[in-house]
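Only the coordinates and a few stated rules stand behind these numbers; no lab work does. Just so you know, these numbers come straight off a predicted model, no measurement behind them. Cβ coordinates were reconstructed from backbone atoms using ideal geometry, including for glycine residues, and neighbour counts include every protein chain displayed.
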Amino acid sequence: MYRKNILSIVLVLFMVSVCMPSQMNNNDLRDRISKMEKELESLKTAASSEDMKITSSSKVEEKEPVKSGSPWNLSLKSSETKSTPAVTSVKPVSAQTKPDTSKLQLGKESSVAAEKSPAAAEKKPVAAAPAPKGLPLWSNLDIQFYGYVKFDASYDTSLTTAGNYAVYVDSEATNPDDDGFNMTANQTRLGFKINGPEKDGIKSSGLLEFDFYGNYASENKAKIQMRHAYLKLNWANGSEILAGQTSDVMSPLCPSTLNYTVLWDVGNIGYRRPQIRYTKTWTGEDKNFVKFEAALARSIGTDKGTSAAPYAETGMDAGYPTAQSRLSMSFPLLGYKPTTLGFSGHIGREEYDTQNDGSNKKFESWSANIDLTQPINKWLTIQGEYFRGETLGTYFGGIGQSVNTASLNEIGAQGGWIAASVGPWDKWNFNIGAGVDDVERDDVASGSKIQNATVFGNFVYAINSNTQIGFELSQWETAYKNLDDSDSTRAQLSLTYKF
């Protein structure tokens, strides 16, 4: 009982020293402490008379010092002076040691704490357990996030497919000069570049990229569309293996247009598809090189089939992949920078089910292509491509037409594009170009598209290092078999924020 009272007195001493109102002066505080000391001595005497020995080795459990900034870090302000020495700590008191009130001082901005007893000073601090090693937020690899936010607004004097971007002009046979206006942010693009690790002479990397032009979505409820998703393995001898989805090996160039479809179906063939690719590069002096690329890619056809069997996916149904290859070389020609010339092509097959009983017909898909990049000087570069082939609808050739399902024959086409990039001049860049896709007239049915052509020009102005504004004007003309030609003038405004 007495021991409990002693502990209570000590605790009261501690709490009084911490929680004393700041207005109390020094004399009041010393009087209260003196009174409590007398009560403590009285209790100790009573305890001795009942053989309850309190020795100097008995200790009261130490209290953890109050940390600066905690709610208990209260300041005692003196009413006698503006600035006084800091208050020293009031320490847990052993049973035979009186608080040294001569060391107790009041300060304007100091905390009340306790002096260490000799026994406490001899204690060794207990080492804290090591914190568990955390995992990186993203990965243990180097991952770079990139992309841009793009806003487009466009006006067409006659309706185009697909509206937000132009591929060809819709037939005006029944609805001539029907203009249209579109606004979208669907070309906004996000991506991740992944690098490493590099071990045993093999460097690994990958890329994931998507935009918001996924199919079958309302204009204000865009769907995600995967553009690229692949891994790469590189060796120091110039060999590379790529596996995943990325751009076709054939016809790899693209003109600089604000229009999303970069002249697809109007002279520029090639898209993106799953593939496994091998590349070998031989590098010479002055950055000249010879490169060979070969890929096995998924055969992607149409899911429309024929009227008798409309649900067959004709590429998958062919039963094997499509082969693609390209041989390119870089060499000095005009002296400013090397010229790059490439020869590429593909060969594959599509299978159309012609009857519900399993009857089918196979159609060859092929192309032969040339691409050229020619820097003229530091502010002018010319690029272009030419193609010829058959069953090119899913490669954006033949104006999206692959097979005449009425006569069951391949649709042949040829075409190409050329463009010049001018700049940069201060904050300005300019691009002009033209493209055409010419379909074999005899291969298509009446009312089908037989030619698609465009001419475009644009400028891009850099507002700052990340923000651009651009304007593009283009003229489109699409010819239909046995119908009048359709044409449209398109004006497009773009704002882009890159990150």
Length released on extending from Glu41 to Ile432, taking residue separation times 0.36 nm less the Cα-Cα span: 130.6 nm
³J(HN,Hα), Karplus 6.51/-1.76/1.60, whole Hz, each residue of region 479-485, x for Gly, Pro: 9, 10, 5, 6, 10, 5, 5
Computed label-point distance, nm, for sites Ser407 and Gln144 using a 7 Å Cα→Cβ extension: 5.2 nm
Over 27 Å (Cα to Cα) - which of Lys232/Lys498; Lys287/Lys498; Lys203/Lys223; Lys199/Lys498; Lys199/Lys291 fall in this group: Lys287/Lys498; Lys203/Lys223; Lys199/Lys498
Shape category assigned to region 372-499 from the gyration tensor of Cα positions, a/c cut at 1.5: prolate
Net lengthening on full extension, Arg298/Lys193 (0.36 nm per residue, minus Cα-Cα): 35.4 nm
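How high is the relative contact order of region 142-498, in percent, counting Cα pairs under 8 Å that sit 6 or more residues apart?
Relative contact order, region 142-498: 15 percent.
Could you tell me the calculated FRET efficiency between Val422 and Gln355, based on Cβ-Cβ distance and R0 = 60 angstrom, to the nearest 0.05?
It comes out at approximately 0.60.
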Distance (nanometres) between label positions extended 7 Å along Cα→Cβ at Asp179 and Leu233: 5.8 nm
Burial ranking of peptide ranges 392-399, 344-351 (average Cβ count within 10 Å, highest at the top): 392-399, 344-351
FRET efficiency, 1/(1 + (r/R0)^6) with R0 45 Å, evaluated for Gln475 and Lys287 via beta carbons: 0.75
Region 289-398 - percent relative contact order, Cα under 8 Å, separation 6 or more: 22 percent
Rounded to whole Hz, the Karplus (6.51, -1.76, 1.60) HN-Hα couplings of region 140-151, x for glycine and proline: 8, 9, 7, 10, 10, 8, 8, x, 7, 9, 10, 10
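Return Val266, Val290 ranked ascending by Cβ neighbour count within 10 Å, so the fewest neighbours appear first.
With the sparsest Cβ surroundings first, the list reads Val290, Val266.
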Three-way shape label, region 224-285, alpha-carbon gyration tensor, a/c 1.5: oblate
FRET efficiency for Ile347 and Ile202, using Cβ-Cβ distance with R0 set to 25 Å, rounded to 0.05: 0.20
